[in-house]
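Let me begin by presenting the structure, written as structure tokens, before commenting on it.
Every read-out reported here was derived from the displayed coordinates using simple, explicitly stated rules and does not represent laboratory data. The shown structure was predicted, so the numbers you read here are calculated from the model rather than taken from an experiment. In this analysis, Cβ positions are derived from the backbone assuming ideal geometry, glycine residues included, and neighbour counts consider all displayed protein chains.
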Amino acid sequence: MEFFIDTGDLEEIKTAYSWGIVDGVTTNPSLVAKAGIDQKTLIKNISEIVDGPISAEVISTDSKGMLEEAYELAKIHKNVVIKLPMTKDGMIACNQLSKDGIKTNVTLIFSANQALLAAKNGATYVSPFIGRLDDIGQTGMQLIGEIREIFDNFAFETKILAASIRHSDHVKASAIMASDVATVPFKVLEQLFHHPLTKIGLEKFLADHEKSLK
Ligand code: G3P
């Protein structure tokens, strides 16, 4: 399973990448706004840190505008993946970019049918938003399972990229559901390392070592 980091914060990306667990990066307009620099500069800076897929989202809502933005973003680096919204225009753009050999990530996926449409248009990734489904009382993880089953039924190559991950249990459940990728905020990546018994165990080993020196 691959891990992407879901952030536009370069320090977070550098730190998490140094841990050896980050395979790529996802951004969105909210994360770019938070980073406080223009999108192209941000994506370029990220490409200098991480050698892996970097999702950059279009802002246009019409397919023509999306494609214009996509071609500009794709020029930044070979690892750029164009993030498109799950709309009819997004699907038109996705279809064209697939033909052009440009990688895509269809975002704001909240149903298995939406994922199916994206796969039929050759999307490289679909991003089901787990946490936002949980927020409205649905079970985000169930959606991952449904998409996995559909993609396996028809041998779609589109990868499932579990997004809107809010805590470490979402990561574990995504892995159990055989999501290809999870895009994880820095804070949650950090949580994955921790277990109270690891901390207690290490303290005891070190204390015993100290005692042995006396
Ligand atoms: O990158 C999109 C997604 O991960 C957003 O997550 O927490 O804003 O629902 P969240």
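Hull surface divided by four, with the convex hull built on the Cα atoms of the chain: how many nm²?
Its Cα hull, projected and averaged over all orientations, spans 13.9 nm².
Can you pull out the trypsin sites (Lys or Arg not before Pro) in the stretch 5-57 that DSSP calls coil and that have at most 12 other Cβ atoms within 10 Å?
Passing both the DSSP loop test and the Cβ count: no residue.
Can you work out ³J(HN,Hα) from phi for every residue in the stretch 174-187, in order, using Karplus 6.51 cos²θ - 1.76 cosθ + 1.60 and θ = phi - 60°, giving whole Hz and x for Gly and Pro?
Along the stretch 174-187, the couplings run 4, 5, 5, 7, 6, 5, 5, 9, 10, 9, 10, x, 3, 4 Hz.
Could you check which residue among Thr183, Thr198, Thr87 shows the biggest mean-square fluctuation in a GNM of the chain with a 10 Å Cα cutoff?
Comparing Thr183, Thr198, Thr87 in a Gaussian network model of the chain, the most mobile one is Thr198.
Lysines within cross-link reach of Lys199: Cα-Cα under 21 Å, excluding same-chain residues under 8 positions apart?
Lys172, Lys187, Lys211
How much net charge surrounds Thr27 when only other residues with a Cβ under 14 Å from its Cβ are counted (Lys, Arg +1; Asp, Glu -1)?
Cβ neighbours under 14 Å give a net charge of -2.
Of all GluC sites (Glu not before Pro) in the stretch 112-198, which ones are in loop regions per DSSP and have a Cβ with at most 16 other Cβ atoms within 10 Å? Before the final figure, lay out each step's value.
On the way: sites: Glu146, Glu149, Glu157, Glu190; in loops: Glu157.
Here the sparse-neighbourhood loop sites are Glu157.
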